Structures are given as C-alpha cells and as structure tokens.
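In what follows, a single structure is set out as structure tokens and then discussed.
The values are calculated or read from the model by the stated rules, or taken from the named source; none is laboratory data. Note that the structure is a prediction, hence the values are computed from the model and not measured. Neighbour counts are summed over all protein chains in view; Cβ atoms, including those assigned to glycine, are modelled from backbone coordinates with ideal geometry.
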Ligand code: C2E
Ligand code: MG
Ligand code: MG
C-alpha cells in the first residue's frame with residue numbers, strides 16, 4: 001500500500017504502526033480460522049447428528065476391504081469398540097445366520113470394483129438383531145484407479161417391519177378374498193380389473209379371456225347400459241356400497257352383487273343365487289296357488305286383475321265368476337273327499353275350455369273365476385262363458401259315482417264405468433248373483449240395470465228391518481182341502497209385505513233378504529205367534545201350517561219359541577204343522593235332524609215342503625218320520641200333459657202313504673187336477689182351485705161358515721164351493 005511518508009527508512013512510529021497492522025491482520029486471520037473451524041465443527045456435528053438420527057453409520061475402507069474408519073454411532077449401536085471393529089473385526093456384530101450374505105456383498109464389490117449393496121442383520125448391544133442396509137461405493141483417484149471404499153450402514157429395521165406388516169396384511173387380504181365363497185373382482189376408477197380371486201378368474205374364463213388389467217366393459221360389453229352398470233356407477237359416484245340382485249345376462253340364472261367402494265375403485269363381490277331365487281320364486285308361486293286344484297288362488301287372481309287393469313279403460317278385460325250349484329249338497333251327502341275330487345275334475349274341465357292367456361283361479365269353496373283378455377282372434381266373453389257352461393253337460397265321475405253338476409256364471413267387461421279392478425270384480429259378482437237368482441245353469445252379463453236392482457235390494461233390506469215394527473207385515477192363509485171329505489183341514493200361513501212405496505212384495509223376494517240379515521229369526525217368531533193366535537179362532541181341530549226357514553232351524557231357541565207361541569195362543573201342539581224344505585236336511589243334517597226330533601216330540605207335526613224340487617235324495621226320508629209330504633206345484637201343473645210327471649206324482653203318493661204320511665199336492669189350479677189326485681189316492685190339495693191365500697178374517701169366516709153349514713147339512717163339500725166361498 002503506498003505510504004504518504006517520502007523517506008525510505010521508516011521512523012519508529014511508522015514501525016510500530018506496521019507492527020500493529022500486522023498483528024491486527026494475524027488476529028483477523030486467527031479469528032477467521034476459528035470461525036471456519038467452528039463452522040466446520042458445526043457442520044460435522046450436524047452431519048453426525050443427521051447420521052445418528054437416521055441411524056446411519058458412515059465408514060471408509062482400504063482397497064482390500066479392510067475397514068479403516070467408522071462413525072462412533074457404530075459403537076453405540078453394536079457395543080463393539082471402534083478399534084476392535086477395524087479391518088474385518090466388524091463381522092463379529094453381524095448376525096451369525098447373515099454372515100454369508102454380508103460377505104457376499106463385499107465379495108461382489110471387490111470382484112467388480114463397482115458399487116454394491118444388500119441387507120443383513122446386526123446384533124445390537126442389548127442382543128436384539130436389527131436389519132441394516134450396507135451400501136458400498138468405490139473411491140477412485142483422478143487416474144481412475146481404486147484408492148479405497150466408502151459407504152454407509154443404515155438401520156432399516158422400521159422400514160422392513162412396516163414392509164413385512166404390509167406384506168402380511170396383503171397376504172391376509174388375499175387369503176380372505178380367496179377363501180370367501182363369493183367371486184371377487186377389484187376395479188380401479190377406470191373400470192380396469194386390478195384383482196380377481198380364483199373363483200372369479202375361473203368363472204370369467206368360462207365366458208371370455210379376461211385377466212387383471214383388462215377393462216371391465218371391454219370384457220362384458222353386453223352388461224353395459226344394464227342394471228349392472230347403473231348400480232356399479234352408483235357405488236363409484238356416491239362412495240356408498242350397493243347391493244342388488246340381477247338376472248344373468250349370458251345365462252339363465254340370478255346373481256347377487258355387493259359393490260363396495262374402495263377409495264380408488266370398487267370391490268365387487270358376487271355370487272350365483274339362482275337356487276335361492278328359484279326357491280323363493282317357488283315360495284311365492286306356492287303362496288299364489290290353490291293347494292287342491294293347483295289353480296291360481298284369490299291372492300294371485302286379485303294381483304293379476306289389479307296389474308292387468310292399471311291404466312286400462314277400453315273393453316279389453318273381462319271377469320267371469322263361476323259358482324257351482326249344488327256343490328254343498330254333494331259335500332254334505334257324499335263327503336268332503338268326494339267333494340275335493342270333484343273340484344279337481346271341475347278345474348280340469350274349466351282349464352280345457354280356456355283361451356291362451358286366460359287366468360283361471362279358484363277363489364275358495366266352489367267359487368271359480370277367470371280373467372279373460374281376448375286378443376284380436378280371441379273369443380268374446382259370452383262365448384267363453386258358454387264353453388265353460390258346456391263343461392257340465394256330461395256327468396262327473398268320482399269314485400265310480402256319477403254326479404250331475406251345474407254352475408251359475410256372472411260376467412263383466414271393463415268399460416269406462418269400471419275404472420278399477422275392484423269395480424269390475426263387483427260388477428261380475430252382481431251378474432253372478434243375478435244368474436244364481438235365476439236358478440241353475442244361468443249365465444248373466446253385467447248391465448247397469450243390475451247395479452240399480454242390487455241397490456234397490458240393499459234399500460229393501462234396510463226397509464225390511466223396520467217393516468215388522470211398522471206393521472207392514474201380515475199373514476194370509478191358504479186353505480188345505482181334505483180331498484176325500486171335501487172339508488177344509490186347515491190353512492198354510494203365508495207372509496206378506498206391503499211396502500209403503502213399492503207396494504206388495506212377494507215372500508220369494510224378501511224372505512231370502514231376511515235370511516241374509518238374520519232378521520228371519522225374529523220375523524219367523526212373529527209369524528209363529530200370529531199364526532197360532534189366528535188358528536185359536538178357528539173352529540174344530542183345524543191345523544195351521546207355518547213355513548220355517550233353514551236359518552230358523554239353526555236357532556237353538558226354536559223349540560222354546562214354538563212352545564211359547566202355542567201356549568200363548570192356547571192351542572194344542574198337534575194343530576201346528578211346521579213346513580221345512582229338503583235343504584234343511586242337506587245342511588248340518590245331524591243338528592237339524594235333532595232339532596226336528598225335538599219339535600216332533602213336543603207334539604208338533606212336521607211337513608216336508610216342495611217335495612221333488614231340491615236335491616231329491618230320498619235317503620233322508622228314512623232318517624226322519626215326516627207327518628206330511630207336500631209335492632211341489634210344478635208336478636201338479638203337468639197332470640193331463642206329461643205321463644212322466646203323472647208317474648212321479650203316483651209314485652210319490654204311494655211312497656207317502658206307505659210311510660203313513662199325509663200327502664198334499666200343491667198348486668192345484670183345475671178341477672181336472674183335483675179329480676186326478678182324488679183318483680190316485682192323494683189326501684190333500686192346495687191351490688188356487690181350492691182356495692187362494694186370503695186375509696185372516698176371510699179364512700176365519702170361511703172356516704166358521706163352513707163349520708156351520710157342515711153342522712146343518714153333513715153332506716160332502718164340493719171343493720168348487722169352497723173356492724166360491726173363499727172368494
Ligand atoms: P210355499 O211354502 O211352497 O208356499 C206356497 C206358495 O205357492 C205360495 O206362494 C202360494 O201363494 C203359492 N200358490 C198356492 N197355490 C198356488 C197355485 O195354485 N198356483 C200357483 N202358481 N201358486 C200357488 P207365496 O206366498 O208367494 O210363497 C212363496 C214361498 O215363500 C213359500 O212357498 C214359502 O217357501 C215362502 N214363504 C211364504 N211365507 C213364508 C213364511 O211365513 N215363512 C217362511 N219362512 N217362508 C215363507
Ligand atoms: Mg209351504
Ligand atoms: Mg210349497
């Protein structure tokens with residue numbers, strides 16, 4: 001540095017200044033050296049610290065592999081002193097089982113002169129083995145020759161444990177996925193298969209050449225745009241598991257699938273549930289079948305009608321309801337096993353009469369139903385009903401017994417008026433009701449008038465309820481002529497109803513209503529008392545006949561009611577004649593017979609009314625000693641016209657006489673008929689010719705007058721005169 005002093009010799013001041021500057025420079029150098037040293041120390045410490053944290057032991061070795069230096073961490077870890085570990089002393093810390101692989105790493109490096117690495121265990125100072133990673137790298141001088149080796153030993157125990165744990169958990173997952181009875185396919189977010197268990201692999205191999213890595217929809221394009229894709233997408237998009245059942249696309253069967261989102265795709269668990277589904281289908285099927293006939297039952301019928309009816313307004317669905325006439329009688333007389341077989345036979349015949357697509361059901365008991373949906377070439381519902389009716393042309397044969405059956409059929413077709421399945425069914429039911437009213441073997445199609453009539457009937461039922469209280473009912477009496485003497489032996493009480501707006505209603509119409517509602521018991525009681533009180537006013541021992549409904553016979557208090565009516569009127573039981581029809585003996589015959597015996601034992605006479613119109617099984621005549629047999633008027637009308645009917649009347653008369661019964665012919669309308677009956681030995685006649693039903697006062701006058709005349713002139717009475725007197 002140029003000096004401001006021009007003299008060459010420095011003065012004493014100048015020398016001291018220089019010295020001070022030199023000292024200053026030395027001090028500065030020392031300071032910087034110390035700083036450098038400190039920085040170096042710090043860096044070394046940091047490096048050592050990092051190594052210790054990573055449990056990394058740096059080392060260096062001579063070209064032959066002898067260890068020259070090792071970080072002190074080595075001693076901390078293994079407990080071996082550094083000087084004991086130099087050269088090949090370090091091998092003492094290697095796990096005895098791993099000495100060979102550890103040596104091999106070194107041999108490889110020495111043989112090739114290149115870097116090498118590998119894993120082995122070192123035994124720690126506490127005796128515990130831990131895995132270490134040995135890395136060896138060559139150290140070369142600028143001319144490329146080997147000057148030695150350096151490298152690290154790194155404690156990798158934690159990483160290795162984690163890897164082992166992962167491997168173990170993967171192995172577990174795999175073994176679970178393999179041992180499940182499900183087929184498992186794992187998919188990534190791009191619908192690529194990342195895993196298939198053995199079951200799935202096998203199944204997929206039967207369908208296509210699928211393997212992990214393939215796109216699902218490439219393998220199964222036919223499953224795309226089906227429920228399969230929709231539900232899998234749903235699981236993928238919502239992240240929620242989806243379970244569903246679906247028909248197999250490539251086979252006839254069912255699969256049940258559980259689709260579980262995995263975070264990076266889906267795990268699809270599926271199994272073949274064809275057997276289960278078939279079994280449950282069979283159960284549903286069974287719940288919809290009538291056990292006896294194998295036909296659809298009411299539940300299936302209703303379901304099919306509802307389903308088929310949805311949204312329909314055109315005339316394209318018809319319902320036919322069929323009710324067997326007289327089936328109950330077959331069951332009661334021939335027994336239930338025969339009845340069951342008969343129902344099966346009926347089902348078979350019906351079935352063979354149907355069109356394709358018709359559904360035949362047994363609704364219960366002897367009720368059958370058909371849902372008919374004629375296609376373009378289908379038959380009309382009327383034609384089908386005729387065809388079903390023809391099933392009854394021939395007798396049925398069950399256990400060698402020939403059984404003649406008939407049915408009543410009601411039909412209804414959908415129209416805008418019947419907007420629901422229920423409406424249509426009700427309409428068919430009304431039509432069936434009408435058909436039954438018309439007697440056996442009738443077919444009726446629903447028309448709107450029927451609903452009105454049914455409505456009227458409902459109204460009538462309500463009105464009938466109060467008719468008795470309001471005094472709208474009364475009894476008329478029809479004389480019973482003793483043919484031989486020409487005397488009036490008594491009269492039959494017949495109930496009449498004068499409706500305030502509808503006028504006279506015949507008992508044929510309202511008695512069934514009263515039976516339906518149960519009102520007949522109370523009404524019958526009133527009739528009994530009325531009739532007995534009326535008879536009490538008649539001269540002599542004239543009998544009064546009262547009709548009993550089967551519903552009354554089922555009433556256990558009937559004997560008391562009868563006795564009360566008799567004692568109340570003060571007439572002898574022998575003057576009361578109770579008329580029952582054959583149907584009483586066909587239903588609940590045991591109980592009803594017991595009831596009839598009780599009544600007869602009380603001294604009341606029992607007459608069998610309308611003989612010849614019912615089931616006409618003569619066997620019950622053996623079981624009950626009727627006092628009177630009343631032949632139905634349909635036979636008497638044939639006298640002089642039908643030799644067959646005459647033969648029947650003759651036979652019935654003879655049978656009655658043989659069994660000591662009074663024989664009464666009903667519906668005698670002409671003198672010729674009366675003469676014929678007299679000639680054939682019949683005891684009594686009842687009919688318009690011998691006397692129309694008349695009011696209570698009229699019959700009493702007739703009987704009292706007749707008695708007076710009889711006493712005056714004990715000659716025979718002409719029936720014609722009786723009729724004239726009856727007015
Ligand atoms: P039913 O017991 O056979 O009564 C005879 C029916 O034949 C009566 O009809 C009578 O008016 C009618 N009749 C009598 N003679 C002749 C004739 O010469 N020609 C014709 N064509 N008919 C004749 P009605 O009064 O209409 O009774 C019908 C049915 O109603 C009765 O038949 C009986 O089953 C029932 N019935 C009538 N009154 C009662 C009653 O008080 N209680 C019960 N439970 N049923 C009754
Ligand atoms: Mg009668
Ligand atoms: Mg009768």
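One residue stands out in the range 655-668 among those that are in contact (Cβ under 8 Å) with a residue 12 or more places away in the chain and assigned to a helix (DSSP H, G or I): the one that is farthest from ligand 3 (Cβ to nearest atom), namely 657. Within the range 462-479, residues that are in contact (Cβ under 8 Å) with a residue 60 or more places away in the chain sit with their Cβ atoms under 7 Å from residues that are within 13 Å of ligand 1 (Cβ to nearest atom) and in a loop (DSSP other than H, G, I, E, B), at 6+ positions apart or across chains, in these pairs: 476/693; 477/693; 478/691; 478/692; 478/693; 479/690; 479/691. Given the condition touching a residue at least 12 places away in the same chain (Cβ under 8 Å) and more than 30 Å from residue 76 (Cα to Cα), answer yes or no: does some residue in the range 146-153 qualify? Among the residues of the range 146-153, at least one is touching a residue at least 12 places away in the same chain (Cβ under 8 Å) and more than 30 Å from residue 76 (Cα to Cα), which makes the answer yes.
Only residues that are within 16 Å of ligand 1 (Cβ to nearest atom) and closer than 18 Å to residue 539 by Cα were counted in the range 570-581, giving 2.
Residues of the range 669-686 being within 16 Å of ligand 1 (Cβ to nearest atom), without any contact (Cβ under 8 Å) to a residue 40 or more places away in the chain and outside any helix (DSSP H, G or I), which ones? Hits for the range 669-686 are 669, 670.
Being surrounded by 15 or more Cβ atoms within 10 Å (Cβ to Cβ), within 16 Å of ligand 3 (Cβ to nearest atom) and assigned to a helix (DSSP H, G or I), is that true of even one residue in the range 599-617? Looking through the range 599-617, none of the residues is surrounded by 15 or more Cβ atoms within 10 Å (Cβ to Cβ), within 16 Å of ligand 3 (Cβ to nearest atom) and assigned to a helix (DSSP H, G or I).
The residue of the range 660-673 that is surrounded by the most Cβ atoms within 10 Å (Cβ to Cβ), among those that are closer than 18 Å to residue 628 by Cβ and touching a helix residue (DSSP H, G or I) at 6+ places or on another chain (Cβ under 7 Å), is 665.
Being in a helix (DSSP H, G or I), without any contact (Cβ under 8 Å) to a residue 40 or more places away in the chain and within 25 Å of residue 190 (Cβ to Cβ) is the requirement here; does residue 229 meet it? Spell out how you get there, then give the answer.
Numbers: in a helix (DSSP H, G or I): yes; without any contact (Cβ under 8 Å) to a residue 40 or more places away in the chain: yes; within 25 Å of residue 190 (Cβ to Cβ): yes.
Yes: the conditions hold for residue 229.
Residues in the range 251-261 that are under 22 Å from residue 195 (Cα atoms) and out of contact with any strand residue (DSSP E or B) (no Cβ under 7 Å at 6 or more places or on another chain): 1 in all. When we screen 529, 554, 496 for residues that are surrounded by fewer than 19 Cβ atoms within 10 Å (Cβ to Cβ), assigned by TED's automatic domain parsing to the domain that holds residue 708 and within 15 Å of ligand 2 (Cβ to nearest atom), the only hit is 496.
Of the residues making up the range 581-598, those that are within 16 Å of ligand 2 (Cβ to nearest atom) and more than 45 Å from the chain's Cα centre (by Cα) number 1.
A search for C-beta distances below 6 Å between a residue of the range 615-644 that is more than 29 Å from residue 692 (Cβ to Cβ) and any residue that is within 16 Å of ligand 2 (Cβ to nearest atom) and outside any loop (DSSP other than H, G, I, E, B), counting only pairs 6+ apart in sequence or on different chains, returns 620/585; 624/596.
Residue 695 meets each of the listed conditions (1) in contact with a strand residue (DSSP E or B) (Cβ under 7 Å, 6 or more places away or on another chain); (2) surrounded by 15 or more Cβ atoms within 10 Å (Cβ to Cβ) apart from (2). Taking residue 449, is it within 16 Å of ligand 3 (Cβ to nearest atom), surrounded by fewer than 15 Cβ atoms within 10 Å (Cβ to Cβ) and closer than 30 Å to residue 423 by Cα? For residue 449, the condition - within 16 Å of ligand 3 (Cβ to nearest atom), surrounded by fewer than 15 Cβ atoms within 10 Å (Cβ to Cβ) and closer than 30 Å to residue 423 by Cα - is not met. Residues in the range 635-649 that are away from ligand 1 (no atom under 14 Å from the Cβ) and surrounded by fewer than 18 Cβ atoms within 10 Å (Cβ to Cβ): 640, 641, 642, 643, 644, 645, 646, 647, 648.
Residue check: residue 578 meets all listed conditions (1) in a loop (DSSP other than H, G, I, E, B); (2) within 16 Å of ligand 3 (Cβ to nearest atom) but one, namely (1). Filtered by the rule that a residue be modelled with pLDDT of 90 or more and in contact with a strand residue (DSSP E or B) (Cβ under 8 Å, 6 or more places away or on another chain), the range 327-341 gives 338, 341. Among the residues of the range 210-226, those that are crowded, with 16+ Cβ neighbours inside 10 Å and either outside any helix (DSSP H, G or I) or touching a residue at least 60 places away in the same chain (Cβ under 8 Å) (or both) comprise 210, 214, 220. Based on what the data block shows, is residue 538 outside any strand (DSSP E or B), farther than 28 Å from residue 326 by Cα, away from ligand 1 (no atom under 16 Å from the Cβ) and in the same structural domain as residue 706 (by TED's automatic domain parsing)? It is true that residue 538 is outside any strand (DSSP E or B), farther than 28 Å from residue 326 by Cα, away from ligand 1 (no atom under 16 Å from the Cβ) and in the same structural domain as residue 706 (by TED's automatic domain parsing). Is it the case that some residue within the range 624-634 is loosely packed, with under 14 Cβ neighbours inside 10 Å, away from ligand 3 (no atom under 16 Å from the Cβ), within 60 Å of the chain's Cα centre (by Cα) and at pLDDT below 95? Yes, some residue in the range 624-634 is loosely packed, with under 14 Cβ neighbours inside 10 Å, away from ligand 3 (no atom under 16 Å from the Cβ), within 60 Å of the chain's Cα centre (by Cα) and at pLDDT below 95. Looking only at the range 406-417, filter to residues that are in contact with a helix residue (DSSP H, G or I) (Cβ under 7 Å, 6 or more places away or on another chain) and modelled with pLDDT under 90; which one of those is farthest from residue 438 (Cα to Cα)? Filtering the range 406-417 for residues that are in contact with a helix residue (DSSP H, G or I) (Cβ under 7 Å, 6 or more places away or on another chain) and modelled with pLDDT under 90, the one farthest from residue 438 (Cα to Cα) comes out as 414. Does residue 207 fit the bill of being modelled with pLDDT under 85 and surrounded by fewer than 17 Cβ atoms within 10 Å (Cβ to Cβ)? Judged against the criteria, residue 207 is a match. Regarding residue 652, is this residue within 14 Å of residue 611 (Cβ to Cβ) and within 16 Å of ligand 1 (Cβ to nearest atom)? Answer is yes for this residue.
Total residues in the range 167-184 satisfying the condition of being closer than 9 Å to residue 199 by Cα and more than 34 Å from the chain's Cα centre (by Cα): the figure is 1. Residue 545 satisfies every condition listed in (1) in a helix (DSSP H, G or I); (2) surrounded by 15 or more Cβ atoms within 10 Å (Cβ to Cβ); (3) within 16 Å of ligand 3 (Cβ to nearest atom) except (1). The strands (runs of 3 or more DSSP E) found entirely in the range 432-524 that carry 2 or more residues being under 47 Å from the mean Cα position of the chain (by Cα) are 443-445.
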